[in-house]
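> Got a structure here, written out as structure tokens. Questions coming.
The values are calculated or read from the model by the stated rules, or taken from the named source; none is laboratory data. Everything quoted here is computed from the prediction, not taken from an experiment. As a convention, Cβ positions derive from the backbone with ideal geometry for all residues, glycine included, and neighbour counts pool all protein chains shown.
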Amino acid sequence: YVAGLQVLVRSVVSGTEPVVLPSIAHGGRFAASDVIEATDALGPGPRYTALVPTQLSDLLDADAAAARALASFDAVLIGGQALAPALAERAAAAGVRIVRTYGSSETAGGCVYDGAPLDGVRLRVEAGEVQVAGPTLADGYLGDPALTAAVFPVDADGVRWYRTGDAGSVDDGMLRITGRIDNVIVSGGVNVSLDRVERAVRTVPALVAAVVVGVPDARWGEASAIVVAGDVDEAAALAAARARVEAEVGGAARPAHLLTVAEMPLLASGKPDRRALAAHARAALSAGT
């Protein structure tokens with residue numbers, strides 16, 4: 001949500017007038033027609049917008065006019081979740097200039113762009129966890145000093161860091177995120193990162209917008225399930241996904257199931273509702289469907 005606020009802040013700082021999507025202004029849902037209308041209403045000056053990958057995919061799927069609207073921006077900031085390589089390639093082919101952003105409410109939104117931190121932002125990796133320092137950090141959590149102390153530790157030099165909960169690496173100053181530390185299942189005694197599985201799954205053409213969730217498994221304790229919206233050849237897609245995951249992550253990480261839903265449930269931010277999807281997968285598998 002802070003990313004939405006930052007769109008307004010950037011407009012003010014750059015001296016331009018922000019344009020609000022008509023339907024969103026009245027409590028409606030994100031729609032390609034609104035993006036086209038809002039883009040046409042933009043005045044002179046730099047043109048930027050910020051989307052999550054699901055919204056980018058919806059616009060590229062909509063029509064040529066929506067793709068042209070996206071291509072008219074100086075840059076389209078993409079954040080909130082990992083951008084699938086296939087979706088990035090589609091955007092590039094349509095002439096859309098994508099900038100990947102990384103940040104959170106605790107960092108006042110994006111503080112790393114295409115892997116490079118903003119001036120004054122510092123990065124480190126401690127025990128596999130990405131941590132951030134710098135002037136963009138929040139003061140803490142209102143009314144919760146214990147949580148604040150746990151999430152914002154101060155090192156021996158007095159530098160205050162934010163523990164992101166993300167796994168990753170920093171090489172030559174460039175950040176690479178590999179997934180959430182806590183988004184891990186234990187399948188047959190092997191730790192499996194669902195984020196790594198999902199990235200591999202999304203390289204399968206039919207599964208570029210799929211979500212991978214953990215589900216109980218009678219034999220292995222836990223397993224992963226792919227959930228995708230729309231009509232797909234489930235057997236073929238699952239076989240392709242299992243082969244891709246085995247090659248990129250390992251045999252123990254291969255998804256056990258593939259489920260389809262009529263429509264992907266989304267949070268108000270536009271991200272997939274992973275809790276709802278996990279609950280749906282558990283219920284469907286329990287019922288044998």
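> Take the stretch 116-140 and flag every residue that is surrounded by fewer than 17 Cβ atoms within 10 Å (Cβ to Cβ), in a loop (DSSP other than H, G, I, E, B) and touching a strand residue (DSSP E or B) at 6+ places or on another chain (Cβ under 7 Å).
Of everything in the stretch 116-140, those that are surrounded by fewer than 17 Cβ atoms within 10 Å (Cβ to Cβ), in a loop (DSSP other than H, G, I, E, B) and touching a strand residue (DSSP E or B) at 6+ places or on another chain (Cβ under 7 Å) turn out to be LEU118, GLY128.
> Okay, moving on. Within the stretch 63-93, track down each residue that is modelled with pLDDT under 90 and surrounded by 15 or more Cβ atoms within 10 Å (Cβ to Cβ).
Correct list: GLY79, GLY80, GLN81, ALA82, LEU83, ALA84, ALA86, LEU87.
> Give the residues of the stretch 259-289 that are closer than 23 Å to THR203 by Cα, in contact (Cβ under 8 Å) with a residue 40 or more places away in the chain and out of contact with any Phe, Trp or Tyr (no Cβ under 7 Å at 6 or more places or on another chain), sorted by residue number.
The answer is MET264, LEU266, LYS271, PRO272, ARG274, LEU277, ALA278, ALA281.
> Would you point out the residue of the stretch 45-62, among those that are loosely packed, with under 15 Cβ neighbours inside 10 Å and under 24 Å from LEU5 (Cβ atoms), that is modelled with the lowest pLDDT?
So the residue we want is GLY45.
> Right, something else. For the stretch 250-263, state whether one or more residues are under 30 Å from GLY4 (Cα atoms) and surrounded by 15 or more Cβ atoms within 10 Å (Cβ to Cβ).
Yes, the stretch 250-263 contains at least one residue that is under 30 Å from GLY4 (Cα atoms) and surrounded by 15 or more Cβ atoms within 10 Å (Cβ to Cβ).
> Only one of ALA229, ALA206, ALA223 is touching a residue at least 12 places away in the same chain (Cβ under 8 Å), in contact with a helix residue (DSSP H, G or I) (Cβ under 8 Å, 6 or more places away or on another chain) and not assigned by TED's automatic domain parsing to the domain that holds GLY80. Can you tell me which?
Answer to the check: ALA206.
> Could you pull out every one of the strands (runs of 3 or more DSSP E) wholly within the stretch 141-232 that has 1 or more residues that are closer than 17 Å to HIS257 by Cβ and modelled with pLDDT of 95 or more?
The qualifying strands (runs of 3 or more DSSP E) are 211-217, 221-229.
> I've got another one for you. For the stretch 264-281, name all the residues that are surrounded by fewer than 18 Cβ atoms within 10 Å (Cβ to Cβ) and in a strand (DSSP E or B).
LEU266
> For the stretch 239-289, which positions are at pLDDT 95 or above and among the acidic types (Asp, Glu)?
Across the stretch 239-289, the qualifying residue is only GLU246.
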